[in-house]
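What follows is calculated from the coordinates using simple rules that are stated; it is not laboratory data. Since we're looking at a predicted model, the values are computed, not measured. Ideal geometry is used to build each Cβ from the backbone, glycine not excepted, and the neighbour counts take in all protein chains shown.
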Amino acid sequence: SVFVLLSVVLTPAGQVPQVLGYSVFRVMTGSMEPEIREDSLLVVKKTPPEDIAPGDVISFFSPDPMLEGAVNTHRVVRIEKENGRIQFITKGDANVIEDTYPTDASALVGRVVFQSYGLGKTVSLLSNPLVFGIIILLPLLVILLMNLYRAVRIAADIAKKEEEEAVRKALEGIKAK
């Protein structure tokens, strides 16, 4: 988990965090339904552009100005070569038309190799601050309070034993006189 955290934190701006060539995304729209539902969790494998074929579902930095370079996931409809550069023509399965802007191979993140609606819903649920508080913070608070109670009880026991020892020594001193 430390390795994953470091790879996310140390990823330069404008790049996607990867662990061993894999990235994880959550689907935010229904453009790929019914095959990939909104809120699904995707695992995307870094893939050379030459290995992508029509029909593959890819994640890429969108050239669409409306998406402001956000990562998008659509199906490759066809591949074109322009001046020796590979460009992907993509389309969301639920969309009527192809994406307006072709995607340059340099914007490719990779090919989708796994998707799970259940895992995506779980991540979405845990992202909710209320649910996070109940599932994570509440048990931590209970553990903290239990440890605090235990520490106070131990301190009270120690104080009681010290007081009993002091009274015993005082009584022994009185008996000795």
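Table for the structure above
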quantity	calculated
Cα-based Rg and Dmax for the range 21-121, where Dmax is the largest Cα-Cα distance (Å)	12.7, 43
Cross-link reach list, lysines versus Lys121, counting only Cα pairs under 23 Å and skipping chain neighbours closer than eight places	Lys45
Length-normalised contact order for the chain - Cα pairs under 8 Å, 6+ apart - percent	19
Mean residue ellipticity (222 nm) of the chain, computed from DSSP H runs ≥ 4 via -39,500 (n - 2.57), nearest 500	-11500 deg cm²/dmol
Partners for Lys175 among aspartates and glutamates (Cα-Cα distance below 16 Å; same-chain residues under 8 apart left out)	Glu165
Longest to shortest principal axis, alpha-carbon extents of the range 19-72, angstrom	26, 25, 25
Reciprocal of mean inverse Cα separation for the range 51-110 (Kirkwood radius, Å)	11.4
For Met28, residues with placed amide H under 5 Å, excluding near neighbours	Asp39
Net dipole in debye of the range 15-79 [+1 Lys, Arg Cβ; -1 Asp, Glu Cβ; about Cα centre; nearest 20]	140
Phi-based couplings in Hz for the range 46-52 (Karplus 6.51, -1.76, 1.60; Gly and Pro marked x)	4, 9, x, x, 5, 8, 7
Cubic angstrom per residue, convex hull over Cα atoms of the chain	171
Rh by Kirkwood over Cα pairs, then Stokes-Einstein D for the range 103-177 at 1.306 mPa s and 10 °C, µm²/s	85
